[in-house]
1. Taking amide hydrogens as modeled 1.01 Å from N in the peptide plane, which residues meet the under 5 Å criterion relative to Lys130, leaving out close sequence neighbours?
2. Scan around Ala125 for amide H atoms under 5 Å from its own, H built in the peptide plane at 1.01 Å from N, and keep only partners 5 or more places away or cross-chain.
3. With each label point set 7 Å from Cα along the Cα-Cβ vector, what nm distance links Glu32 and Glu168?
4. Give the cross-link partners of Lys146 among the lysines, using a straight C-alpha distance below 22 Å as the criterion and excluding same-chain residues fewer than 8 apart.
5. Could you tell me the calculated FRET efficiency between Asp65 and Asp223, based on Cβ-Cβ distance and R0 = 45 angstrom, to the nearest 0.05?
6. Roughly how many Å is it from the Cα centre of segment 201-230 to that of segment 112-138, as a whole number?
7. Once you order the gyration tensor axes a ≥ b ≥ c over the Cα atoms, which shape class does the chain get: rounded for a/c under 1.5, otherwise prolate or oblate by comparing a/b with b/c?
8. Roughly how much of His97 is accessible, in Å² to the nearest 10, using a 1.4 Å probe?
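The values are calculated or read from the model by the stated rules, or taken from the named source; none is laboratory data. All figures in this text were calculated on a predicted structure; none of them were measured in a lab. Cβ atoms come from the backbone with ideal geometry, glycine included; neighbour counts cover every protein chain shown. What goes into the accessible areas is simple: the full protein's heavy atoms, side chains included, and nothing from ligands, DNA or RNA. Shrake-Rupley method; radii C 1.70, N 1.55, O 1.52, S 1.80 Å.
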Amino acid sequence: MKVQLFIPCFVDQLYPETGMNMVRVLEKLGCEVSYNTKQTCCGQPAFNAGYWDDAKAVAQKFMLDMDGDGYIVSPSGSCTGYVRNYYARMFNNSQAHNLCTKVRENIYEFSEFLVNILGIKDVGASLDGKATYHDACGALRECGIKEAPRTLLSHVKGLELIEMAECETCCGFGGTFAVKFEPISIGMAQTKVKSAIDTGAKYMISTDVSCMMHLQGYIDKNDLPIQTMHIADVLARF
């Protein structure tokens, strides 16, 4: 199966190993992976900040950089959810309407692509220890992703998956929210991390590195006994 990658800004600039690990898993499963080096951002930061004209220009480039007829896979529920749910607002009744529809229908977050499209539950990964899963807002609320990552993690050899009480609660990042409302953002991270630690987990795993960056920053600052991991980094341990 041919798969084209969309690598979001956070992954490209701060966590490139997560993108590479996603490729390792896809290639192991027999996918033919391609990456257009001209791709940039999906436009979500500009859109969320109210700069819709700028966001539309970036989105137009994004769609032209992708093959609308092929699968697009991304290690981000947030970016995937944005493309699926908000591109239609910008390109409805425009010349780009048909292309927009194709891209929206063919873009998938990494874990849902493995489970729902490839039909994979076990990639042959192993990681010893206890882990808990954080439902990132974009993945859960905009893509409806709940079971796919848990299914994959439940088949990781040596990994014991334990649900935390606050699994669906926002981590507090929310892009510029963490900057504009720092005290609230920190309080939300505190609640999330405490809930994860209360399970006895060594790892807190999710679909989005933006959440993991925010939570790991709180963890490091307070020297807490837990580590965040993106699900691609877990599944690539084979």
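1. Answer set, sorted by chain and number: Glu160, Lys202, Tyr203.
2. Under 5 Å from the amide H of Ala125 lie the amide H atoms of Lys157, each far enough along the sequence or on another chain.
3. That separation, rounded to one decimal, is 4.1 nm.
4. Straight-distance partners of Lys146: Lys121, Lys130, Lys157, Lys192, Lys194, Lys202.
5. On the way: r = 42 Å, r/R0 = 0.93.
So the FRET efficiency works out to roughly 0.60.
6. So the two Cα centres are separated by 17 Å.
7. On the way: a/c = 2.10, a/b = 1.28, b/c = 1.65.
Oblate, because a/c is 1.5 or more while a/b does not exceed b/c.
8. 70 Å²
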